[in-house]
Amino acid sequence: LLSAAVFEIEQENGVVFDASSGINQQVQLDLRSRGLELEASARLADGLDLTAAYALTDVEIERGAVGTVGNTLSATPRHLASVWVDYAVPGTGFGLGGGLRYFGESFGNDQNTIDNDDRLFADAVAHYDLTDAVRVQLNATNLFDAEDVTCSAGYCYREQGRTLLAGVRYRF
């Protein structure tokens, strides 16, 4: 399966918080977002599935706080990409999967004076189908516990650490 989308979105009267003056205040802005999204999913062999995606996004501030018009909206990477492989061992109900998520460079404030580095995260899953309808699984995001710092609207924070999530899914 291959899919592609090209988009241009105009947003008026959006609200963001601006802390550039040292005071956290709401600012209304108009945005123009243009981009391209591509995705491919394929069954490579019996039980082996691959999904890959890429997005190119350009979000420009058309009206906003002083010094931001024409700039890129903070924390909006131009490039996003991901790849995921899942292998279900035929006849056993057991499967493993793993993938990578890439976030390109972005700005940490709407004045575009703070730079966020690009980031790469690894994720994994182990799953077991108890029946055709019931699956149990364990997901791990940010598998290597990367502690990258990202800024948005002038505030900086660490990425969410390694997260494990167990679940049961019932299909009906």
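The values are calculated or read from the model by the stated rules, or taken from the named source; none is laboratory data. What you are looking at is a predicted structure, and each value in this text was computed from that prediction instead of being measured. Cβ coordinates were reconstructed from backbone atoms using ideal geometry, including for glycine residues, and neighbour counts include every protein chain displayed. Just so you know, the surface numbers come from the protein's heavy atoms only, side chains and all, with ligands and any DNA or RNA stripped out. Shrake-Rupley method; radii C 1.70, N 1.55, O 1.52, S 1.80 Å.
Tabulated values for the structure
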read-out	value
³J(HN,Hα) computed for each position of segment 125-138 - Karplus, 6.51 cos²θ - 1.76 cosθ + 1.60, integer Hz, glycine/proline x	8, 10, 9, 9, 8, 5, 9, 5, 9, 10, 10, 10, 8, 10
Calculated diffusion of segment 71-172, Stokes-Einstein form, Kirkwood radius summed over Cα pairs, 25 °C and 0.890 mPa s, µm²/s	158 µm²/s
Accessible surface of Leu100 - all protein chains present, 1.4 Å probe, nearest 10 Å²	80 Å²
Length gained when the stretch Ile114-Arg162 is fully extended (0.36 nm per residue, less Cα-Cα span)	14.7 nm
Shape metrics for the chain, restricted to C-alpha atoms - Rg then Dmax, Å	20.0, 62
Percent carbon-and-sulfur accessible area, segment 1-116, ignoring ligands, DNA and RNA, probe 1.4 Å	58 percent
Residues of segment 123-158 with amide N under 11 Å of the 7 Å Cα→Cβ point at Phe94	127-128
Net charge over other residues, Cβ less than 9 angstrom from the Cβ of Gly93 (K, R count +1; D, E count -1)	0
Sequence-separation-based contact order of the chain, relative, with Cα cut under 8 Å and 6+ spacing, percent	15 percent
Segment 29-51 residues near the modelled Glu12 label - backbone nitrogen below 20 Å, point 7 Å along Cα→Cβ	29-34
Candidate residues Ile114, Ile61, Ile9: accessible-area rank, largest first, probe 1.4 Å	Ile9, Ile114, Ile61
Rough spin-label spacing in nm, given labels placed 7 Å along Cα→Cβ, for Gln25 and Ser3	4.2 nm
Computed E for Thr141/Arg169 - FRET, C-beta separation, R0 25 angstrom, nearest 0.05	0.90
Whole-Hz ³J(HN,Hα) from phi, Karplus 6.51 cos²θ - 1.76 cosθ + 1.60, for segment 48-65, glycine and proline x	10, 10, 10, 10, 9, 9, 9, 9, 10, 10, 10, 10, 10, 7, 9, 8, x, 4
